[in-house]
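The values are calculated or read from the model by the stated rules, or taken from the named source; none is laboratory data. Computed from a predicted structure; not experimentally measured. Here the Cβ positions follow ideal geometry from the backbone for every residue, glycine too, while neighbour counts run over all protein chains shown.
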Amino acid sequence: ESYKRIGQVEGQVQAFLTLDEENARTQAKQLDEKLAKGETTNPLFGLPIGVKDNIVTKNLRTTCASKILENFDPIYDATVVQKLQQVETVTIGKLNMDEFAMGSSNENSAFQATKNPWNTDYVPGGSSGGSAASVAAGEVLFSLGSDTGGSIRQPAAYCGVVGLKPTYGRVSRFGLVAFASSLDQIGPITRTVEDNAYLLEAISGLDPMDSTSANVDVPSFVNALTGDVKGLKIAVPKEYLGEGVGEEARNSVLAALKVLESLGAEWEEVSLPHSKYALAAYYLLSSSEASANLARFDGVRYGYRTDNAENLIDMYKQTRAEGFGDEVKRRIMLGTFSLSSGYYDAYYKKAQKVRTLIKKDFEDVFQKYDVIIGPTAPTPAFKIGEQLKDPLTMYANDILTIPVNLAGVPGISIPCGFSKEGLPLGLQIIGKHFDESTVYRTAHAFE
Ligand code: GLN
């Protein structure tokens with residue numbers, strides 16, 4: 001069924017970079033045999049899933065949508081992919097993204113621009129644009145994305161689906177090609193909150209292969225979906241409804257708050273005073289980490305190597321010059337600069353201090369409240385090409401999602417009405433560290 005639907009719509013949506021029908025059919029056949037023998041009771045049994053192309057899959061091409069990894073076939077599976085095999089899903093293929101997860105529209109992919117299934121003149125968001133578009137278009141039932149500064153939640157909002165960034169450490173990053181290791185998390189994109197809870201449960205947990213994965217119990221997230229939000233204490237940051245946030249996004253959040261109120265929840269306005277510094281701190285820190293992480297792509301260890309080099313140093317330089325796209329180069333330069341000895345204190349260290357203050361803003365609010373609610377993004381999806389010329393405008397799309405990564409807390413985006421052009425809007429629900437259950441419970445109240 002998945003391949004039938006892909007046959008019908010993929011020409012327009014262009015969500016996949018690699019499709020492996022033969023392998024998927026083999027997997028499905030094995031699962032059929034198991035089913036015939038009555039050997040399984042998995043809730044996710046046999047369901048089709050797509051995987052973002054920065055999550056490594058054994059013998060299945062993994063490019064990070066970059067020319068530098070164009071021909072790269074990994075020799076192992078990421079922990080999350082192994083976990084998906086344990087719960088017996090079927091991997092349909094690998095999904096398009098912005099190159100190395102840097103971007104908010106999928107236009108930074110070296111290979112293709114995925115389109116928003118609601119209107120193909122618009123971007124699907126990014127960087128997990130393929131992951132969100134494939135679910136919205138019905139090509140797969142669910143997908144995995146990664147979120148460093150909003151890359152699961154923002155495309156989920158633009159495509160009208162459900163996307164969760166788990167607490168930092170909830171899900172193993174082993175086999176996720178690193179962008180900014182202190183911020184990156186893998187998470188599920190689905191049509192419903194219930195599906196999302198099932199999928200998160202399947203991929204969570206301590207992993208000896210990732211020292212930042214947390215030794216924290218994985219509860220049954222599905223059991224949290226009680227439909228009961230009576231007495232829930234909601235904080236609404238004034239910075240999330242103020243300047244720079246569009247009228248439509250603001251109104252849709254206010255309407256959602258009314259619904260929660262009618263179900264017995266209470267909300268109050270609060271402040272996250274350091275939010276205004278989050279964007280600057282994020283781009284410094286994430287680019288610094290990226291400049292170190294991407295040093296490994298040198299033409300020797302993985303993927304692409306230039307043909308036009310006279311000697312070794314020249315080979316490194318040419319390979320990287322030809323292999324990386326403009327946005328990736330921009331970030332490597334910014335990151336290298338901010339980590340260099342003369343500038344470290346003024347930029348990198350300062351940004352780390354700001355990060356601490358932002359984290360503390362969240363801790364203060366969570367002393368009194370159960371969840372924080374606001375829009376996922378300031379506007380609905382924008383037109384393809386519209387923001388490509390100006391990186392700073394593009395960066396501003398993440399203004400409401402980035403603080404969540406800096407603080408390490410979980411956040412979900414769920415559909416929340418439509419703009420006047422008929423494009424989906426997203427509601428963001430943010431929770432305490434490792435309290436995805438309350439986030440899901442709140443989100444489920446809308447289903
Ligand atoms: N759009 C943001 C960036 O370009 C977020 C990316 C992400 O979360 N991977 O960095």
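Can you pull out the residues in the stretch 99-154 that are within 11 Å of the ligand (Cβ to nearest atom) and of a type in the set (D, E, K, R)?
Passing the criteria: Glu99, Asp147, Arg153.
State whether the residues of the stretch 407-415 include one that is crowded, with 22+ Cβ neighbours inside 10 Å, part of a helix (DSSP H, G or I) and at negative phi.
Yes, there is a match, as at least one residue in the stretch 407-415 is crowded, with 22+ Cβ neighbours inside 10 Å, part of a helix (DSSP H, G or I) and at negative phi.
Taking into account only those residues within the stretch 285-302 that are of a type in the set (Gly, Ala, Ser) and under 24 Å from the mean Cα position of the chain (by Cα), which is nearest to the ligand (Cβ to nearest atom)?
This residue is Ser286.
Got a number for residues in the stretch 77-104 being in contact with a strand residue (DSSP E or B) (Cβ under 9 Å, 6 or more places away or on another chain) and farther than 23 Å from Gln14 by Cα?
At the first step, the residues of the stretch 77-104 found to be in contact with a strand residue (DSSP E or B) (Cβ under 9 Å, 6 or more places away or on another chain) are 77-81, 83-85, 89-97, 101.
Applying the additional criterion that residues be farther than 23 Å from Gln14 by Cα yields 77-80, 83-85.
The number of residues fulfilling the criteria is 7.
Could you go through the stretch 68-89 and let me know if any residue there is part of a loop (DSSP other than H, G, I, E, B), hydrophobic (A, V, I, L, M, F, W, C) and in contact with an Asp or Glu (Cβ under 8 Å, 6 or more places away or on another chain).
No: the stretch 68-89 contains no residue that is part of a loop (DSSP other than H, G, I, E, B), hydrophobic (A, V, I, L, M, F, W, C) and in contact with an Asp or Glu (Cβ under 8 Å, 6 or more places away or on another chain).
Specify which of the listed residues (Ile55, Ile6, Ile49) is among the β-branched types (Val, Ile, Thr), in contact with a Ser or Thr (Cβ under 9 Å, 6 or more places away or on another chain) and more than 30 Å from Ala214 (Cβ to Cβ). Break it down into steps so the answer makes sense when it comes.
Working: Ile55 fails: more than 30 Å from Ala214 (Cβ to Cβ); Ile49 fails: more than 30 Å from Ala214 (Cβ to Cβ).
After ruling out the rest, the residue left standing is Ile6.
Got a number for residues in the stretch 90-123 being in a loop (DSSP other than H, G, I, E, B) and touching a helix residue (DSSP H, G or I) at 6+ places or on another chain (Cβ under 8 Å)? Show your work before the answer.
Restricting attention to the stretch 90-123, the residues satisfying the condition of being in a loop (DSSP other than H, G, I, E, B) are 96-98, 102-121, 123.
From the residues that got through so far, the ones that are touching a helix residue (DSSP H, G or I) at 6+ places or on another chain (Cβ under 8 Å) too are 96-98, 102-106, 108-110, 114-118, 120, 123.
Count: 18.
Exactly one condition in (1) in a helix (DSSP H, G or I); (2) of a type in the set (Phe, Trp, Tyr); (3) away from the ligand (no atom under 13 Å from the Cβ) is false for Tyr282; which is it?
Of the numbered conditions (1) in a helix (DSSP H, G or I); (2) of a type in the set (Phe, Trp, Tyr); (3) away from the ligand (no atom under 13 Å from the Cβ), the odd one out for Tyr282 is (3).
Which pairs do you get when a residue that is more than 11 Å from Ala290 (Cβ to Cβ), found in the stretch 329-344, comes within reach of a residue that is of a type outside the set (Val, Ile, Thr) and outside any helix (DSSP H, G or I), reach meaning Cβ atoms under 7 angstrom, with the pair 6+ apart or on two chains?
From residues that are more than 11 Å from Ala290 (Cβ to Cβ), the pairs are Phe337/Tyr343.
From Val253, Val270, which residue is touching a Pro at 6+ places or on another chain (Cβ under 7 Å), at pLDDT 95 or above and over 23 Å from Cys159 (Cα atoms)?
None of the others qualify; the one that does is Val270.
Considering each of Ala214, Ala133, Ala178 in turn, give the residue that is touching a residue at least 40 places away in the same chain (Cβ under 8 Å), more than 8 Å from the chain's Cα centre (by Cα) and crowded, with 24+ Cβ neighbours inside 10 Å.
Ala133
Looking at the stretch 380-403, can you tell me whether even one residue there is away from the ligand (no atom under 12 Å from the Cβ), in a strand (DSSP E or B) and modelled with pLDDT of 95 or more?
Yes, the stretch 380-403 has at least one match.
If you take the residues in the stretch 277-303 that are aromatic (Phe, Trp, Tyr) and surrounded by fewer than 20 Cβ atoms within 10 Å (Cβ to Cβ), which one is farthest from Asn108 (Cα to Cα)? Talk me through it step by step, then tell me what you get.
In the first step, residues of the stretch 277-303 are kept if they are aromatic (Phe, Trp, Tyr); the result is 277, 282-283, 297, 302.
Checking which are surrounded by fewer than 20 Cβ atoms within 10 Å (Cβ to Cβ) leaves us with 277, 302.
Working: Tyr277: 25, Tyr302: 21 Å.
So, considering only residues that are aromatic (Phe, Trp, Tyr) and surrounded by fewer than 20 Cβ atoms within 10 Å (Cβ to Cβ), the one farthest from Asn108 (Cα to Cα) is Tyr277.
Can we say Glu269 is touching a helix residue (DSSP H, G or I) at 6+ places or on another chain (Cβ under 8 Å), charged (D, E, K, R), more than 22 Å from His444 (Cα to Cα) and surrounded by fewer than 19 Cβ atoms within 10 Å (Cβ to Cβ)?
yes
Look at Ile55 and say whether it is over 21 Å from the mean Cα position of the chain (by Cα) and modelled with pLDDT of 95 or more.
Answer is no for this residue.
Give the stretch 367-378 a look and list any residue that's within 14 Å of the ligand (Cβ to nearest atom) and either surrounded by fewer than 22 Cβ atoms within 10 Å (Cβ to Cβ) or of a type in the set (S, T, N, Q) (or both), or say none.
Scanning the stretch 367-378 gives Thr376, Pro378.
Checking Gly374 against (1) touching a strand residue (DSSP E or B) at 6+ places or on another chain (Cβ under 9 Å); (2) farther than 19 Å from Glu247 by Cβ: exactly one of these is not met. Which one?
Evaluating Gly374 over (1) touching a strand residue (DSSP E or B) at 6+ places or on another chain (Cβ under 9 Å); (2) farther than 19 Å from Glu247 by Cβ leaves (2) as the failure.
Quick one: is Ala396 buried (at least 21 other Cβ atoms within 10 Å of the Cβ), under 22 Å from Ala157 (Cβ atoms) and among the aliphatic types (A, V, I, L, M)?
No; evaluated as a whole, the condition is false for this residue.
Please state which one of Leu206, Leu183, Leu200, Leu144 is in contact (Cβ under 8 Å) with a residue 60 or more places away in the chain and farther than 22 Å from Val371 by Cα.
Leu144
Mind checking whether some residue in the stretch 314-331 is within 16 Å of the ligand (Cβ to nearest atom), in a loop (DSSP other than H, G, I, E, B) and closer than 27 Å to Tyr395 by Cα?
yes
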